[in-house]
Structure formats: C-alpha cells, structure tokens
Amino acid sequence: TQTVSQSDAHVTVFEGDSVELRCNYSYGGSIYLSWYIQHHGRGLQFLLKYYSGNPVVQGVNGFKAEFSKSDSSFHLRKASVHWSDSAVYFCAVRSTSSGQKLVFGQGTILKVYL
Amino acid sequence: NSKVIQTPRYLVKGQGQKAKMRCIPEKGHPVVFWYQQNKNNEFKFLINFQNQEVLQQIDMTEKRFSAECPSNSPCSLEIQSSEAGDSALYLCASSGQNQDTQYFGPGTRLLVL
C-alpha cells in the first residue's frame with residue numbers, strides 16, 4: 001500500500017520559534033517528494049522538492065526539508081517562523097508507479113501566534 | 001508564484017445542473033492536471049493531459065465528469081449533472097514536459113445546493 005502520512009493535524013508555535021512539520025511515506029520505486037502551502041481560501045503554493053542528490057533541500061521563505069530513506073521521511077523545517085506562515089502544509093509524493101499524479105498527505109495546520 | 005489561471009473562482013449550482021470551470025496553464029507547460037480537494041483536505045486526482053491527449057484519469061471522471069484541453073483554448077472540466085458530493089475546491093495544475101513540479105492555480109470552489 002502506498003501512503004503519505006502527516007502525523008500532526010495541528011501545530012501551534014509563537015513567532016520566532018522553530019518548527020518541524022513531519023511527513024512519512026510508504027512507496028516503492030523512484031519517488032519525488034514535495035511540500036506545498038495553502039493559505040486560507042487559496043490554491044497550493046509550491047515550497048520545495050526532492051528527487052535525488054543532497055538530502056537537504058532549500059525552499060522559499062526560509063523553509064527547508066530533509067529526505068531520509070531509512071526513516072521514509074521528508075520533514076519540513078523552518079528556523080524562525082513568522083505569523084504569515086500560518087497556513088495548511090501538504091506533503092506530496094509522486095512515484096514512478098503512480099504516473100504523474102501527486103498523492104497528498106492529510107495536511108498540517110500551522111498556527112503562528114504573535 | 002504560479003501563473004496558472006482558473007475561472008470562475010466560485011461556482012454555485014443546483015443538483016442536476018452542469019458545472020463548468022476553466023484553466024489556463026502556465027505558458028510553455030504542456031501537462032495539465034485536475035484535482036478535487038474536499039472540505040476535509042482530501043485530494044483526489046481526476047485527470048491529466050499532455051497537450052490535448054489524456055494521460056491518466058480515474059473512473060469517476062469517465063462517468064459524469066468530462067475534461068478537455070483544446071489547442072489554443074483554455075482547458076476545461078465539466079460536471080454533467082452536479083451532485084451535492086461534488087461540492088469541493090477544484091484545482092488545476094500545470095508542469096513542464098519532463099519536470100516534476102506541478103504549479104497550482106487558485107482553484108474553483110464549487111457549491112452544489
């Protein structure tokens with residue numbers, strides 16, 4: 001069974017805190033991993049992706065993610081969050097066995113308080 | 001920032017009515033995807049095209065849903081006979097031919113009364 005799991009439905013932090021949003025996957029074959037952000041009432045904005053090479057990838061607005069094959073994870077991190085980072089974050093996987101479509105995790109709602 | 005354009009932003013239909021939404025992919029992106037996002041943030045892939053050809057689609061799309069990406073015209077997704085369960089955010093995304101990144105539009109929010 002191919003799955004993408006975001007274990008935290010809600011994460012609450014204060015502005016300036018660091019944050020980690022977790023993503024675990026269960027897929028076979030070659031995979032592409034990505035993170036998207038969705039602000040309320042809007043479409044998905046691409047943050048970053050990983051396919052091969054350096055397991056730590058840098059994204060927009062200070063976000064980065066680290067791929068771990070041994071843990072089957074692709075966690076998203078930011079060292080110092082801003083209130084405008086409050087949104088829903090989705091981890092997505094595309095595998096060679098699923099064609100070009102993305103399979104999304106359940107999403108993590110990040111709330112940043114001032 | 002994505003340059004995928006979707007219209008209309010909001011669509012309200014009665015049960016049994018047709019619902020049609022459009023998408024203009026980013027310039028130079030030959031691959032277009034349609035996804036449905038429900039109120040529980042669950043995504044369902046519907047169909048994708050490369051140029052005018054269907055690459056993949058799910059069974060649901062084959063029945064009440066129809067989609068096309070004609071040359072030199074916006075792509076479209078149409079629900080022939082809307083049902084309450086079709087109420088959702090419909091997202092269009094586009095990507096380059098050999099690229100992995102899909103860029104999304106703002107979505108069309110459909111409400112079926």
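The values are calculated or read from the model by the stated rules, or taken from the named source; none is laboratory data. All values derive from a computational prediction rather than experimental measurement. Note: ideal-geometry Cβ built from the backbone for every residue, glycine included; neighbour counts use all protein chains shown. Heads up: the accessible areas ignore ligands, DNA and RNA and are worked out on the full protein's heavy atoms, side chains in. Shrake-Rupley method; radii C 1.70, N 1.55, O 1.52, S 1.80 Å.
Looking at B:LYS27, B:LYS20, can you tell me which residue is open to solvent by 20 Å² or more (accessible area, probe 1.4 Å) and under 13 Å from B:ALA93 (Cα atoms)?
Details: B:LYS20 fails: under 13 Å from B:ALA93 (Cα atoms).
So the residue among B:LYS27, B:LYS20 that is open to solvent by 20 Å² or more (accessible area, probe 1.4 Å) and under 13 Å from B:ALA93 (Cα atoms) is B:LYS27.
Confirm whether A:ASP17 is of a type in the set (Asp, Glu) and crowded, with 17+ Cβ neighbours inside 10 Å. Step through it out loud before you land on a result.
Details: of a type in the set (Asp, Glu): yes; crowded, with 17+ Cβ neighbours inside 10 Å: no.
No; evaluated as a whole, the condition is false for this residue.
This table checks each residue for (1) of a type in the set (A, V, I, L, M, F, W, C); (2) in contact with a Cys (Cβ under 8 Å, 6 or more places away or on another chain); (3) free of Cβ contacts under 8 Å to residues at least 24 places away in the same chain.
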| position | (1), (2), (3) |
| --- | --- |
| A:VAL4 | yes, yes, no |
| A:HIS10 | no, no, no |
| A:SER18 | no, no, no |
| A:SER26 | no, no, no |
| A:ALA79 | yes, no, no |
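Can you name the residue in segment A:24-61 that is under 13 Å from the mean Cα position of the chain (by Cα) and more than 14 Å from chain B (Cβ to nearest Cβ) and, of all such residues, is most open to solvent (accessible area, probe 1.4 Å)? Lay out the reasoning, then the answer.
Just the residues of segment A:24-61 that are under 13 Å from the mean Cα position of the chain (by Cα), to begin with: A:24-25, A:32-38, A:44-50, A:56-60.
Keeping just the survivors that are more than 14 Å from chain B (Cβ to nearest Cβ) gives A:24-25, A:56, A:58.
On the way: A:ASN24: 58, A:TYR25: 23, A:VAL56: 52, A:GLN58: 136 Å².
If we take residues in segment A:24-61 being under 13 Å from the mean Cα position of the chain (by Cα) and more than 14 Å from chain B (Cβ to nearest Cβ), then A:GLN58 is most open to solvent (accessible area, probe 1.4 Å).
Screening B:LEU91 with (1) part of a loop (DSSP other than H, G, I, E, B); (2) in contact with a strand residue (DSSP E or B) (Cβ under 8 Å, 6 or more places away or on another chain) gives one miss only, at (1). Among the criteria (1) part of a strand (DSSP E or B); (2) farther than 24 Å from A:GLY105 by Cβ, the one B:ASN72 does not fulfil is (1). In segment B:85-100, the residue that is nearest to B:GLN37 (Cα to Cα) out of those that are at pLDDT below 95 and open to solvent by 10 Å² or more (accessible area, probe 1.4 Å) is B:GLY85.
Taking strands (runs of 3 or more DSSP E) that do not extend beyond segment A:1-93, which have at least 3 residues that are of a type in the set (Phe, Trp, Tyr)?
Numbers: elements: A:3-5, A:10-14, A:19-21, A:24-26, A:31-38, A:45-50, A:56-58, A:64-68, A:73-78.
Hits in segment A:1-93: A:31-38.
Within segment B:70-110, the set of residues being farther than 20 Å from B:GLY14 by Cα, without any contact (Cβ under 8 Å) to a residue 40 or more places away in the chain and away from every other protein chain (no Cβ under 11 Å) comprises B:PRO70, B:SER71, B:ASN72, B:SER73. Any residue that is away from chain B (no Cβ under 14 Å) and either over 16 Å from the mean Cα position of the chain (by Cα) or farther than 24 Å from B:GLU42 by Cα (or both) - is there at least one of those in segment A:95-112? Within segment A:95-112 (the criterion being away from chain B (no Cβ under 14 Å) and either over 16 Å from the mean Cα position of the chain (by Cα) or farther than 24 Å from B:GLU42 by Cα (or both)), the answer is yes, since at least one residue qualifies.
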